[in-house]
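Take a look at the structure below.
The values are calculated or read from the model by the stated rules, or taken from the named source; none is laboratory data. Since the model is a prediction, treat every value here as computed from it, not as a measurement. All Cβ positions, even for glycine, are placed from backbone atoms using ideal geometry, and neighbour counts span all protein chains on display.
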Amino acid sequence: MSANCDIEFTLNGVKRQLSVPAGMSTLEMLRERLGLRGTKYACGEGECGACTILVDGLTLNSCLMFAVDCDGRELQTVEGVAASEVGARLRDAFVANGAVQCGFCTPGLMVQASHVIEHNPGAGAAEIRRGIEGNLCRCTGYKKIIEAIQAAEQKNG
Amino acid sequence: MGDIGSSLIGKRIPKLDAPDKASGKTRYIHDLEAPGALHAKILRSTEVHARIVWIDTAAAKRLPGVHAVITAADVPWQRPIGVAKDHLPLKTDRVRSLRDEVAAVAADTEEIAEEALKLIKVHYEPLPVLTTTDEALAPGAPQLHEGHANNVAMTFDYAQGDVAQGEAQSDVVIEDVFRLHYVTHCCMGVSGVIAEFDPGGSLLLYSNTQVPFLHKREFAEMLGIDPGRIRIIQPPIGGGFGSKLDVYPFEPIAIFLARITGRPVKLLFTREEEFLASPTRQPVVLKLRSGCKKDGTLTFRTVETVHDNGAYTSWGATTPFVMMQTVSSLYRVPHCKYHTAAVYTNNPYAGSFRGYGNLQATFAVEAHMDKLAEAVGMDLLAFRLKNAQEPGEVTPQGMHFKTCGFKQCLTTAAERSDFVAKQAANRARWRDANPVKRGIGIASMLHVGGGAKIYPSDGCGTILKVDDFAHVTLITGASEIGQGSETVLAQLVCEELGLPLSAVSVVNNDTDITPWDVGVHASRTTFIAGNSAIGAARKAKAKILAAAAAKAGVPVETLSLSQGFVFSENKKLFELGKFLRGLHFSDRAELVMTTFYYEPPSKHQDKQFKGDVSAAYAWATQACEVEVDTLTGIVRLLKVTGAHDVGRVLNRLGIEGQIEGGMVMGMGYALTENLVVENCTVKNPNFRDYKLVTAPEMPEMDISFIETMDGEGPQGAKGVGEAPAICMAAAIANAIYNATGTRIYALPFTPENVYRALHGAAQAPAWGKAA
Ligand code: FES
Ligand code: FES
């Protein structure tokens, strides 16, 4: 059985202190220990993007990151992103452009899209496609997701 | 009248559940907590086919934190499940496939449950394995199920006219064998269930099922309790696509564990388990023989198919019901003969999947439409138009096409994609030096669009309550699985009552509250539940207007509801909320309406499959443009031009999304997805090796709607859920032929398979080495 480690990090702007088992993933910590269920499990192997979060401003698959490695870092989950200005714009654009069907991929895409917009504000359709290629969606065929991200971008300008 | 100008029909209406979903607030089954819940895991067979000699659970039971370890011996009251009731949730003395459930554990945590699985010892005595339908059908093959000599699970036979006569009248006759592969749903939300009994023995089930009311009965029989004591709540579902239409073993197993431990039990699959133990779209070997006259008139079709049913029977076995419709009735064919044998093997078993056999049938039929046209020297579009169905037709199988936009679909898709000119230009480049070729192909489909008479009836109930602030609660039997039904139903109600969308709440996920419904399948929800919702709203409207007429002393015919007001001719008479408040304080408000819609009576199919299967039929044509790199075998889908007869567009945003998603799903079936099953073992149970289409590969999509205004449809609409996935593979196959001059008869068109086909090497079949 794995030993526990004490870690300290910022989550959606709030300082957290936690003792976590060495083998626990960040996804599990978020969902099971901290009750943040917006971040989804859909593969656990870094292949689908449903568990995407921001770590120090970069997107990561939280299922592949050990919770202990959150120590000293700044995390943002979909709950945090949705509360931000960019997140609100994205949410409205996802809703208005029909980018949500079953919605299971949506939290991961919201986080990934916020990253695309922040880091490449003028991204065109091709760059957006590349930007979200690690996020699988079984329902929408991606078109409306790409349109939504573009719409959110335009409101930016 | 009063609502002129404010109609919601055809507008781009955002989904009601989207804001929560886009904020990470929606609670799927994975996100629900049942206080005190135990976590369950299932032990699956390690043998493909074997006798279970003994199971030793003693060590697992001793593990701290384990509350129950069960095998079939602990639930002697379990009953067979599935469409043919041919397997038990927990297997007794025999396993027939690698996914078979042998034991299950409930423990304090998932980790402990997994630990406990490792401590269970099972002694198997291997039995001979049937890896292919060929092996299963061979004389002397071991029999997988009692009562099924030759391992044939089900057969389907249909005939019209006399194919021998049809063949004699033909100037051209062709015959080919098509091979279709395994794919699986890949719902982003993995399977899961939470089961909980109250002290009196009533069951509360949180389930992702698409058919809650039908499942109540099955679970009740299994538990030996009154179905009235089972309540099913469906949390928002992370994708369905047909995967949740049958009772699969994990749900009863969670129920057993909950009953035995007296605690809530939560069971979630891992992604790997989802690949290994959810239903598949089944592989089909399809022999098609067809003919036509010199002038392009189709004469006959003969189809023989062998379906790999897998170890047990679920809905996959019954897909011939749909396949034969395409064979007999997509185009006018006087003489047809259809035969399917669904054959038991030790492979994963087949369920229902969006399109329900129609992808496979259309793939073959549309390849032959191209080949026959070419053989008689006719233009591919003209040949199809010559044989296409028209409105009013009753086909020899008995399907009545009251509305039919097929010809408009064909011409619209062809014109918008510049099909005829591009076809010719691409062919002219077959022999040029550029190894990268372009191709365009066209294919069409016919599917039920007005419910489906699979069960004795196809009904859906609605309860509508109108409160004193003119807020409406629509309580419907129809489940939302992400497809947007709740939004469309709310829209239809608002349209009747002249209210904004914000005035409606939808309740659709609790069998203790919602009225009966047969379930989400067969593209039926908008049509059946929509008509039901409209019925309830009209009743409410009639009552409100009658009361208003009495109060104002004007004839009811002069009144209407619009913009939250009762209008008299074009004047606002009463503010609706205020008027309703008054009505509620009176003694005769009774503003709860109920209505129940069944599709209109028609000739049900008989045992020979003759008769009507739906109140309306959906049509579509899709033109696909591809680029084929002949040096690598890589096929890129550049553009899809789709024309869909949807009756009428209700929610433009929703219907576009459904069609785009379906197109990309159909594209995955054709180009990237392949569940590799070798020696009855799934070799690629993960997203790395099972390739879903990703955003960069998405084609350009151009969608046109053909609005035929179906007389029976809600506001004229027909169902569309499955349609867009159906003819993609067929159109892509035709496009590859147009690009290269090579016709490929087996899916998927992965670079390896395409390369082999182009360069003459024997093509590696996608599964086994079946006939
Ligand atoms: S769950 Fe982390 S990438 Fe799929
Ligand atoms: S909306 Fe269902 S997976 Fe993307």
Report summary line: Within region B:324-347, residues under 20 Å from the mean Cα position of the chain (by Cα) and closer than 17 Å to B:Asp612 by Cβ come out as B:Met324, B:Gln325, B:Thr326, B:Val327, B:Leu330
Query raised in the report: When you look at B:Asn738, is it at pLDDT 95 or above, crowded, with 24+ Cβ neighbours inside 10 Å and more than 16 Å from ligand 2 (Cβ to nearest atom), yes or no?
Result: yes
Query raised in the report: Are any residues in region B:93-122 buried (at least 22 other Cβ atoms within 10 Å of the Cβ) and of a type in the set (Val, Ile, Thr), and if so, which ones?
Result: B:Val95, B:Val102, B:Val105
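So which of A:Val81, A:Val68 is among the β-branched types (Val, Ile, Thr), at pLDDT 95 or above and more than 9 Å from the chain's Cα centre (by Cα)?
Numbers: A:Val81 fails: more than 9 Å from the chain's Cα centre (by Cα).
From the options A:Val81, A:Val68, the qualifying one is A:Val68.
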Query raised in the report: Is at least one residue of region B:656-666 more than 10 Å from chain A (Cβ to nearest Cβ) and β-branched (Val, Ile, Thr)?
Result: no
Report summary line: Log entry, pairs with first residue in region B:648-673 being assigned to a helix (DSSP H, G or I), second being aromatic (Phe, Trp, Tyr) and away from ligand 2 (no atom under 12 Å from the Cβ), beta carbons closer than 6 Å, six or more apart or on different chains, reads B:Ala670/B:Phe749; B:Leu671/B:Phe749
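Quickly run through region A:66-112 and pick out the residues that are among the basic types (Lys, Arg) and at the interface with chain B (Cβ under 7 Å from one of its Cβ atoms).
Here is the first cut: in region A:66-112, the residues among the basic types (Lys, Arg) are A:73, A:89, A:91.
Residue satisfying the conditions is A:Arg91 alone.
Considering only residues that are over 19 Å from B:Gly657 (Cβ atoms) and within 15 Å of ligand 2 (Cβ to nearest atom), which ones fall in region A:113-157?
To start, the set of residues in region A:113-157 that are over 19 Å from B:Gly657 (Cβ atoms) comprises A:114-124, A:126-127, A:130-131, A:133-134, A:153-157.
Selection gives A:Glu133, A:Gly134.
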Query raised in the report: Which condition breaks for B:Arg636 when tested against (1) assigned to a loop (DSSP other than H, G, I, E, B); (2) touching an Asp or Glu at 6+ places or on another chain (Cβ under 8 Å); (3) within 14 Å of chain A (Cβ to nearest Cβ)?
Result: (1)
Query raised in the report: Considering region B:600-627 alone, what residues qualify as being in contact with a Phe, Trp or Tyr (Cβ under 9 Å, 6 or more places away or on another chain), at pLDDT 95 or above and surrounded by fewer than 24 Cβ atoms within 10 Å (Cβ to Cβ)?
Result: none
Query raised in the report: Can you tell me which residue in region A:68-114 is surrounded by the fewest Cβ atoms within 10 Å (Cβ to Cβ), limited to those that are within 16 Å of ligand 1 (Cβ to nearest atom) and part of a loop (DSSP other than H, G, I, E, B)?
Result: A:Thr77
Query raised in the report: Regarding B:Ser523, is this residue touching a strand residue (DSSP E or B) at 6+ places or on another chain (Cβ under 9 Å) and either modelled with pLDDT of 90 or more or closer than 25 Å to B:Leu205 by Cβ (or both)?
Result: no
Requested in this report: Kindly check whether there is at least one residue in region B:237-245 that is modelled with pLDDT under 90, more than 16 Å from ligand 2 (Cβ to nearest atom) and either assigned to a loop (DSSP other than H, G, I, E, B) or outside the structural domain of B:Leu88 (by TED's automatic domain parsing) (or both).
Outcome: yes
Report summary line: Among residues of region B:667-699 being within 12 Å of chain A (Cβ to nearest Cβ), of a type in the set (Asp, Glu) and more than 22 Å from the chain's Cα centre (by Cα), the residue farthest from B:Ala723 (Cα to Cα) is B:Asp689
**Report entry** Hits in region B:139-190 - residues which are surrounded by fewer than 23 Cβ atoms within 10 Å (Cβ to Cβ) and of a type in the set (Gly, Ala, Ser)
**Finding:** B:Gly140, B:Ala141, B:Gly147, B:Ala149, B:Ala159, B:Gly161, B:Ala164, B:Ala168, B:Ser170
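Sort through B:Leu32, B:Leu38 and tell me the only one that's away from chain A (no Cβ under 14 Å) and either of a type in the set (Val, Ile, Thr) or farther than 30 Å from B:Lys541 by Cα (or both).
Numbers: B:Leu32 fails: away from chain A (no Cβ under 14 Å).
Every option except B:Leu38 fails the conditions.
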Query raised in the report: Do we find a residue being within 19 Å of B:Ala490 (Cα to Cα), under 34 Å from the mean Cα position of the chain (by Cα) and either surrounded by fewer than 20 Cβ atoms within 10 Å (Cβ to Cβ) or aromatic (Phe, Trp, Tyr) (or both) anywhere in region B:557-577?
Result: no
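Yes/no per residue for (1) farther than 30 Å from B:Phe567 by Cα; (2) crowded, with 17+ Cβ neighbours inside 10 Å; (3) within 35 Å of the chain's Cα centre (by Cα):
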{"position": "B:Ile9", "(1), (2), (3)": "no, yes, yes"}
{"position": "B:Pro14", "(1), (2), (3)": "no, yes, yes"}
{"position": "B:Ser23", "(1), (2), (3)": "yes, yes, yes"}
{"position": "B:Gly36", "(1), (2), (3)": "yes, no, no"}
{"position": "B:Ser45", "(1), (2), (3)": "yes, yes, yes"}
{"position": "B:Val48", "(1), (2), (3)": "yes, yes, yes"}
{"position": "B:Gly65", "(1), (2), (3)": "yes, no, no"}
{"position": "B:Ala73", "(1), (2), (3)": "yes, no, no"}
{"position": "B:Ile81", "(1), (2), (3)": "yes, yes, yes"}
Query raised in the report: Which one of these does B:Phe219 not meet: (1) within 30 Å of B:Gly398 (Cα to Cα); (2) surrounded by 21 or more Cβ atoms within 10 Å (Cβ to Cβ)?
Result: (1)
Requested in this report: List every residue pair whose Cβ atoms sit under 8 Å apart, with the two residues 6 or more apart in sequence or on different chains, where the first one lies in region A:39-52 and is in the same structural domain as A:Ser25 (by TED's automatic domain parsing) and among the hydroxyl-bearing types (Ser, Thr, Tyr) and the second, anywhere, is in a loop (DSSP other than H, G, I, E, B) and away from ligand 2 (no atom under 14 Å from the Cβ).
Outcome: A:Thr39/A:Thr77; A:Thr52/A:Thr39
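So that you can scan it fast, the table gives a plain yes or no per residue for (1) under 22 Å from B:Val122 (Cα atoms); (2) outside the structural domain of B:Pro249 (by TED's automatic domain parsing); (3) more than 16 Å from ligand 1 (Cβ to nearest atom):
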{"residue": "B:Ser7", "(1), (2), (3)": "no, yes, yes"}
{"residue": "B:Leu38", "(1), (2), (3)": "no, no, yes"}
{"residue": "B:Ile42", "(1), (2), (3)": "yes, no, yes"}
{"residue": "B:Ser45", "(1), (2), (3)": "yes, no, yes"}
{"residue": "B:Ala50", "(1), (2), (3)": "yes, no, yes"}
{"residue": "B:Thr57", "(1), (2), (3)": "yes, no, yes"}
{"residue": "B:Pro64", "(1), (2), (3)": "yes, no, yes"}
{"residue": "B:His67", "(1), (2), (3)": "yes, no, yes"}
